[in-house]
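Enquirer: Please find one structure pasted underneath; my questions will follow.
The values are calculated or read from the model by the stated rules, or taken from the named source; none is laboratory data. Just so you know, these numbers come straight off a predicted model, no measurement behind them. Note that we place each Cβ from the backbone using ideal geometry, even for glycine, and neighbour counts take in every protein chain shown.
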Amino acid sequence: MAKSRYFTPKELIQQDLITQYGVDYCMDKIGQTTLDALDSLRYDYQRAIELLDRDKSTKDIQIIINGTWGFWRTKFKYSGVRAVDCKIGALNSAHKKFRAFDLKCKHIDVLIKLVKENSKAYHISRIENPLITKTWLHCEFSPFPDELIIFNP
(Lines give C-alpha, C1' and ligand atoms only; values in the text may rest on other atoms or scores of the structure.)
Protein backbone atom coordinates (compact mmCIF):
# COMPACT_ATOMS: atom_id res chain seq x y z
CA MET A 1 0.00 0.00 0.00
CA ALA A 2 1.13 3.54 -0.79
CA LYS A 3 1.69 5.53 2.40
CA SER A 4 2.02 9.11 3.53
CA ARG A 5 4.34 10.16 6.30
CA TYR A 6 2.28 13.15 7.40
CA PHE A 7 -1.30 12.59 6.19
CA THR A 8 -3.69 9.87 7.35
CA PRO A 9 -6.05 8.29 4.79
CA LYS A 10 -9.00 10.09 6.45
CA GLU A 11 -7.29 13.41 5.77
CA LEU A 12 -6.97 12.58 2.08
CA ILE A 13 -10.04 10.54 1.13
CA GLN A 14 -13.79 10.95 1.50
CA GLN A 15 -15.00 8.44 4.09
CA ASP A 16 -17.54 6.88 1.70
CA LEU A 17 -14.68 5.78 -0.59
CA ILE A 18 -12.69 4.29 2.27
CA THR A 19 -15.77 2.33 3.35
CA GLN A 20 -16.57 1.14 -0.18
CA TYR A 21 -13.09 0.30 -1.49
CA GLY A 22 -10.80 0.14 1.53
CA VAL A 23 -7.79 2.17 2.54
CA ASP A 24 -5.20 0.20 0.56
CA TYR A 25 -7.02 0.56 -2.76
CA CYS A 26 -7.64 4.30 -2.25
CA MET A 27 -4.07 5.08 -1.20
CA ASP A 28 -2.70 3.10 -4.15
CA LYS A 29 -5.01 5.04 -6.51
CA ILE A 30 -3.58 8.30 -5.18
CA GLY A 31 -0.11 6.88 -5.79
CA GLN A 32 3.17 7.06 -3.96
CA THR A 33 4.45 9.93 -6.13
CA THR A 34 1.54 12.18 -5.13
CA LEU A 35 1.74 11.13 -1.48
CA ASP A 36 5.47 11.89 -1.40
CA ALA A 37 4.81 15.26 -3.04
CA LEU A 38 2.15 16.12 -0.44
CA ASP A 39 4.53 15.11 2.35
CA SER A 40 7.34 17.23 0.89
CA LEU A 41 5.03 20.20 0.52
CA ARG A 42 3.83 19.92 4.13
CA TYR A 43 7.39 19.60 5.42
CA ASP A 44 8.67 22.51 3.30
CA TYR A 45 5.75 24.70 4.35
CA GLN A 46 6.47 24.06 8.03
CA ARG A 47 10.16 24.89 7.54
CA ALA A 48 9.30 28.08 5.63
CA ILE A 49 7.04 29.29 8.44
CA GLU A 50 9.75 28.59 11.00
CA LEU A 51 12.35 30.47 8.92
CA LEU A 52 10.03 33.44 8.58
CA ASP A 53 9.68 33.41 12.38
CA ARG A 54 5.91 33.39 12.12
CA ASP A 55 3.56 31.59 14.52
CA LYS A 56 5.19 28.36 15.54
CA SER A 57 2.46 26.51 17.37
CA THR A 58 1.68 23.16 15.75
CA LYS A 59 -1.80 24.19 14.66
CA ASP A 60 -0.43 27.21 12.80
CA ILE A 61 2.14 25.43 10.68
CA GLN A 62 0.11 22.50 9.40
CA ILE A 63 -1.45 22.02 6.00
CA ILE A 64 -4.99 20.71 6.35
CA ILE A 65 -6.96 18.79 3.73
CA ASN A 66 -9.85 16.96 5.44
CA GLY A 67 -10.44 17.25 9.17
CA THR A 68 -11.06 19.75 11.96
CA TRP A 69 -7.54 20.69 12.93
CA GLY A 70 -5.93 23.99 13.62
CA PHE A 71 -7.65 27.30 13.98
CA TRP A 72 -10.66 26.29 11.85
CA ARG A 73 -13.89 25.34 13.55
CA THR A 74 -15.36 23.87 10.37
CA LYS A 75 -15.07 20.19 9.50
CA PHE A 76 -13.70 19.68 6.00
CA LYS A 77 -14.89 16.45 4.35
CA TYR A 78 -14.58 17.05 0.61
CA SER A 79 -11.17 18.67 0.21
CA GLY A 80 -9.41 15.50 -0.87
CA VAL A 81 -10.42 12.56 -3.04
CA ARG A 82 -14.19 12.44 -3.63
CA ALA A 83 -16.58 9.76 -4.80
CA VAL A 84 -17.70 9.99 -8.44
CA ASP A 85 -21.29 10.57 -7.33
CA CYS A 86 -20.33 13.30 -4.83
CA LYS A 87 -22.43 16.43 -5.41
CA ILE A 88 -19.58 18.74 -4.38
CA GLY A 89 -17.55 20.21 -7.25
CA ALA A 90 -17.57 19.69 -10.99
CA LEU A 91 -18.72 16.48 -12.67
CA ASN A 92 -15.24 15.76 -14.05
CA SER A 93 -13.35 17.14 -11.05
CA ALA A 94 -9.78 15.95 -10.57
CA HIS A 95 -10.81 15.24 -6.96
CA LYS A 96 -12.91 12.37 -8.34
CA LYS A 97 -9.89 11.02 -10.26
CA PHE A 98 -7.63 10.81 -7.17
CA ARG A 99 -5.51 13.74 -8.45
CA ALA A 100 -6.62 16.90 -6.60
CA PHE A 101 -6.49 18.22 -3.05
CA ASP A 102 -7.59 21.54 -1.55
CA LEU A 103 -4.84 22.62 0.82
CA LYS A 104 -5.66 24.95 3.69
CA CYS A 105 -3.24 26.63 6.06
CA LYS A 106 -2.92 29.75 8.14
CA HIS A 107 -0.23 31.35 5.96
CA ILE A 108 -1.65 30.70 2.49
CA ASP A 109 0.73 33.24 0.93
CA VAL A 110 3.71 31.09 1.91
CA LEU A 111 2.08 27.96 0.48
CA ILE A 112 1.23 29.67 -2.82
CA LYS A 113 4.82 30.90 -3.18
CA LEU A 114 6.22 27.42 -2.50
CA VAL A 115 3.94 25.83 -5.09
CA LYS A 116 4.54 28.46 -7.77
CA GLU A 117 8.32 28.29 -7.35
CA ASN A 118 8.56 24.48 -7.07
CA SER A 119 5.56 23.06 -8.92
CA LYS A 120 7.59 20.46 -10.85
CA ALA A 121 9.31 19.21 -7.70
CA TYR A 122 5.90 18.78 -6.07
CA HIS A 123 4.41 17.22 -9.22
CA ILE A 124 1.72 19.90 -9.37
CA SER A 125 0.38 20.56 -12.86
CA ARG A 126 -2.55 22.89 -12.14
CA ILE A 127 -3.84 25.17 -9.40
CA GLU A 128 -6.97 27.23 -9.12
CA ASN A 129 -6.38 30.96 -9.28
CA PRO A 130 -5.43 31.94 -5.71
CA LEU A 131 -6.92 35.39 -6.26
CA ILE A 132 -10.33 33.69 -6.48
CA THR A 133 -9.95 30.84 -3.98
CA LYS A 134 -8.35 32.94 -1.25
CA THR A 135 -8.66 30.57 1.71
CA TRP A 136 -7.36 27.36 0.12
CA LEU A 137 -5.11 26.23 -2.70
CA HIS A 138 -6.56 23.65 -5.09
CA CYS A 139 -3.64 21.56 -6.40
CA GLU A 140 -3.80 18.93 -9.13
CA PHE A 141 -1.00 16.41 -9.22
CA SER A 142 0.62 14.71 -12.21
CA PRO A 143 3.60 12.34 -12.39
CA PHE A 144 5.30 14.48 -15.06
CA PRO A 145 4.03 18.08 -15.03
CA ASP A 146 5.27 20.31 -17.86
CA GLU A 147 4.39 23.72 -16.53
CA LEU A 148 2.12 25.09 -13.85
CA ILE A 149 -1.29 26.07 -15.20
CA ILE A 150 -3.35 28.52 -13.18
CA PHE A 151 -7.04 28.35 -14.01
CA ASN A 152 -10.23 30.03 -12.84
CA PRO A 153 -12.74 27.73 -11.12
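Enquirer: Which numbered condition in (1) surrounded by fewer than 16 Cβ atoms within 10 Å (Cβ to Cβ); (2) under 23 Å from S119 (Cβ atoms); (3) of a type in the set (D, E); (4) at pLDDT 90 or above is the only one that E50 fails?
Expert: It is condition (4) that E50 fails.
Enquirer: For a quick check of your reading of the model, give me the residue pairs whose first member lies in segment 93-116 and is without any contact (Cβ under 8 Å) to a residue 60 or more places away in the chain and of a type in the set (K, R), whose second is surrounded by 22 or more Cβ atoms within 10 Å (Cβ to Cβ) and in a loop (DSSP other than H, G, I, E, B), with beta-carbon atoms closer than 6 Å and at least 6 apart or on different chains.
Expert: Sorted first by the residue in segment 93-116, then by its partner, the pairs are K96/R82.
Enquirer: Just to be sure, is K106 closer than 16 Å to I64 by Cα, assigned to a loop (DSSP other than H, G, I, E, B) and of a type in the set (K, R)?
Expert: yes
Enquirer: Another one. Quick check on segment 1-54: of everything there that is touching a residue at least 40 places away in the same chain (Cβ under 8 Å) and part of a loop (DSSP other than H, G, I, E, B), which residue is nearest to V84 (Cα to Cα)?
Expert: Q14
Enquirer: Shifting gears a bit: For residues that are among the basic types (K, R) and loosely packed, with under 14 Cβ neighbours inside 10 Å, tally how many sit in segment 92-112.
Expert: Total meeting the criteria: 1.
Enquirer: Select from segment 1-18 the residues that are under 13 Å from I65 (Cβ atoms) and buried (at least 21 other Cβ atoms within 10 Å of the Cβ) and write down the one among them that is nearest to the chain's Cα centre (by Cα).
Expert: L12
Enquirer: For segment 120-153: of the residues being surrounded by fewer than 19 Cβ atoms within 10 Å (Cβ to Cβ) and among the small types (G, A, S), which is nearest to the chain's Cα centre (by Cα)?
Expert: The qualifying residue nearest to the chain's Cα centre (by Cα) is S142.
Enquirer: Continuing with this model, one more query. Determine which member of the set G89, G80 is surrounded by 15 or more Cβ atoms within 10 Å (Cβ to Cβ) and at pLDDT 95 or above.
Expert: G80
Enquirer: Which of the residues spanning segment 89-101 are under 16 Å from the mean Cα position of the chain (by Cα) and part of a loop (DSSP other than H, G, I, E, B)?
Expert: G89, S93, F98, R99
Enquirer: Could you pull out the residue among I132, I127, I112 that is modelled with pLDDT of 95 or more, part of a loop (DSSP other than H, G, I, E, B) and not polar (S, T, N, Q)?
Expert: Only one candidate passes the filter, namely I132.
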